[in-house]
Every structure is written in structure tokens, then in C-alpha cells.
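Enquirer: Got a structure for you, written out below as C-alpha cells; questions coming shortly.
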Amino acid sequence: MHDETGESEEETQYVDVKKDYTDMIDSKLAEMKKRLPSYILNELGDSMKAMQLSEKECDAILNKTVAEFEQRRESIKDLNERTASIESNIAKLAELFQRTLSQPKPDTRPMAEAAVPKLHATQAENTGLSEIRPKPEAAISKESEQKQKTEPRLVKINEDVKSVIVMLKWIEFLMEKVGRENLIHTLEFYVDIGWIGDEIFSQIITYAKGMNIPQQNSDCIFTSELTAKDHIQSLLFIERLRGNEIDRQMISMLEREVASIKKGSEEIYGI
């Protein structure tokens, strides 16, 4: 009888200690409700109640969790701000693209050839030298100089399965947005601003010829204009094809690239 009474008292003491420990955990979690979301508090509560920790150890775990959560929240906030900035720059770039389409193309003939007066041409015909023309290498247009200075962002697409799948997904995305007819104009724009090279242009067109992207409904009308978010998506496809992972550093680089393209386009077209 004495042994049974002793065991009963020990069980009672264990239950009391367990209850005190659980109450302490619940109290500390309640203090963190304004600093941590409920799903994190629930996971912490289950984990901490399954262990026998001192109050100091509990405080250390909670403080570390709060610090990590606040750091990640600031990182997400910074990422969202950078994404919004890129979206704004892409919107300006798209507007610039539409404005350049409405302008006459600049005279890309060599300067020496463009400057020959009509009188000289008549004299050349009279002397039988009408076939002689200044060499194109004598002068390079400003637009050609700009293209030579910067290598396109994407110049090669690997032939591995992953790269081909990403490229097909990108083609599908563009064709769903602008249709087959406007795909060429969109890709020409990407060539002009240095996002893709001529070989990539030809490669994508070749693949696109064998793809059929049906309209989701009969009322769907393709547009020749991409939104800022659409151009951002294209940039992300391009970076994946280059083998880069998308992170905060990559978004910062894309932001600088967009700003550089906008400035260069303004100089070329005088806008």
C-alpha cells in the first residue's frame, strides 16, 4: 500500500511539473503573438513542449526565431521594392519601343555614301564610273557602333533537355501573349536592345514554326504590345537559359540592365 501511495504522489508531481512547464511555454508564446505569425508559434509550441527546456533556453530559441523572421521579412520587402522598380523601368522601355516603331528608321548608309551630292552622281554616270561606291567600311553608323560595343545577353542556348524545355516554355509564353505574327517583331526588339543575338533569334523562329499554340477561346485577341510584367518574365527566361539562378543579386543586375538599355535606346533614336 505504501508503494502504491508513493507512486501516486510521484505521478501527481510529474503531472504538476509538466503542467507548469506547458503553462510557461504558452505564456511565452503569447508574448510573441505580435512579433511572429501563428503558424510559426504553433510549430514552436509543439517542438518546445516535446522537450524539457529551461526558461533561459526557451527565451533563446524564441529570440533567435524572431531575429531570423524579421531578417527574412526585410529581405522580402527589399526584393519587392526592387521588383517594383524593375517593373517601372520595363514599362518605360515598352513605351520607348512603341515610340521608336512609329518613327522612320534612321539612315544607316555609310556617311561618305550618304553625303555624295546628286551632281557627283551625274558626273559619275557621264564618265562611266556610276558603279563605283564608297566602301561601307569607310564609316560606321552610330547604331552599328552601339551594337558592336555590347555583346547580346543571350548568344547560345545549350542543347541539354532542361535548356530546350525552358526555351519552349518561353516561346509558348510569347506566342500566347502576342501571337505567331507578332512574335518576330518582339524578338527583333530583343535583338535591337541586346537581350538576344541573331543566332538565338533564328533558333527561336525555327522552333516556333513547329509549335501550335491554340487560342483558349474564340474571343481572344493577340496584342503586339507586352506589359512590363511580360518583359520581366522574358528576362527571367533569358537568365534561366544562361544558367543563372534568380535571386536578389540577379534582380539587381536586371534592374541595372534595363536602365542601361533605356539610356542607350534614347541616344540611338534621339528620344
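No value in this document is a laboratory result; all are computed from the given coordinates. Note that the structure is a prediction, hence the values are computed from the model and not measured. No Cβ is skipped: glycine too gets one built from the backbone with ideal geometry, and neighbour counts run over all protein chains shown.
Enquirer: Could you rank the peptides 48-57, 232-241 by their average count of other C-beta atoms within 10 Å per residue, with the highest value first?
Expert: 232-241, 48-57
Enquirer: Determine the distance separating the Cα centre of the range 17-54 from the Cα centre of the range 156-174; give it in Å without decimals.
Expert: Here the two parts' Cα centres lie 48 Å apart.
Enquirer: What distance in nm separates the simple spin-label points at residue 92 and residue 67, each placed 7 Å from Cα in the Cβ direction?
Expert: Those two pseudo-labels are separated by 4.0 nm.
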